[in-house]
């Protein structure tokens, strides 16, 4: 995967990871609202997907600086803390404590400023989770038993800010690590 990721950091804390500069204006506005005496440095750098994987392994929530509402931060923190596996939007909404709030949770997931590290790519539509379970059950007696990565090419993984193909690739990468 040849994707280049742009990491934006504020005083060494990760504020954004994206394939483009879409979050930079918003981060700039957030930083502008801070006391200038409390901000030492703001910078960006580009890294490869392999470098992102390594970088992400050692990050803790305290190493991140996502700007958002309390609800957004709650959704992102919940997602950050979850074991790395696929979740439906309805499962995530229940885990956040708002089982009837699937749409607001999905909106927050889509607005995630720290791609891959906060693994929004691991959240897929419930219908796709159901389809994967159906395929997995049918495959129990076949050669594919025990591996779910083959399922990704046969289900809709849902929308992703950087496109569904990259979402599939990131899911495969992250699930192969687990």
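The values are calculated or read from the model by the stated rules, or taken from the named source; none is laboratory data. Computed from a prediction, not measured in an experiment: that's the story for all the values here. Glycine gets a Cβ as well: all are built from the backbone with ideal geometry, and neighbour counts include every protein chain shown.
Please find, within the range 74-89, the residue that is modelled with the lowest pLDDT out of those that are farther than 25 Å from residue 45 by Cα and either in contact with a strand residue (DSSP E or B) (Cβ under 9 Å, 6 or more places away or on another chain) or not in a loop (DSSP other than H, G, I, E, B) (or both).
Filtering first and then ranking leaves 86.
Please work out which residue is modelled with the lowest pLDDT, limiting yourself to the range 135-149 and to residues that are exposed (fewer than 12 other Cβ atoms within 10 Å of the Cβ) and part of a helix (DSSP H, G or I).
138
Within the range 21-57, which residues are farther than 20 Å from residue 168 by Cα, outside any strand (DSSP E or B) and in contact with a helix residue (DSSP H, G or I) (Cβ under 8 Å, 6 or more places away or on another chain)?
39
Can you name the number of the only condition in (1) part of a loop (DSSP other than H, G, I, E, B); (2) modelled with pLDDT under 65; (3) surrounded by 12 or more Cβ atoms within 10 Å (Cβ to Cβ) that residue 160 fails?
(2)
Return yes or no: is residue 71 surrounded by fewer than 16 Cβ atoms within 10 Å (Cβ to Cβ), farther than 12 Å from residue 117 by Cβ and either modelled with pLDDT of 95 or more or in contact with a helix residue (DSSP H, G or I) (Cβ under 7 Å, 6 or more places away or on another chain) (or both)?
yes
Within the bounds of the range 90-108, is there any residue that is touching a strand residue (DSSP E or B) at 6+ places or on another chain (Cβ under 7 Å), assigned to a helix (DSSP H, G or I), at pLDDT below 95 and surrounded by 14 or more Cβ atoms within 10 Å (Cβ to Cβ)?
Within the range 90-108, not a single residue is touching a strand residue (DSSP E or B) at 6+ places or on another chain (Cβ under 7 Å), assigned to a helix (DSSP H, G or I), at pLDDT below 95 and surrounded by 14 or more Cβ atoms within 10 Å (Cβ to Cβ).
Checking the structure you have, find out if any residue of the range 165-177 is at pLDDT 90 or above and either touching a strand residue (DSSP E or B) at 6+ places or on another chain (Cβ under 9 Å) or more than 25 Å from residue 49 (Cβ to Cβ) (or both).
yes
Considering every residue within the range 45-60, establish whether at least one is under 15 Å from residue 113 (Cα atoms), surrounded by 15 or more Cβ atoms within 10 Å (Cβ to Cβ) and more than 15 Å from the chain's Cα centre (by Cα).
No, the range 45-60 contains no residue that is under 15 Å from residue 113 (Cα atoms), surrounded by 15 or more Cβ atoms within 10 Å (Cβ to Cβ) and more than 15 Å from the chain's Cα centre (by Cα).
Can you pull out every residue in the range 1-20 that is outside any strand (DSSP E or B) and within 14 Å of residue 113 (Cα to Cα)?
Answer for the range 1-20, where residues must be outside any strand (DSSP E or B) and within 14 Å of residue 113 (Cα to Cα): 19, 20.
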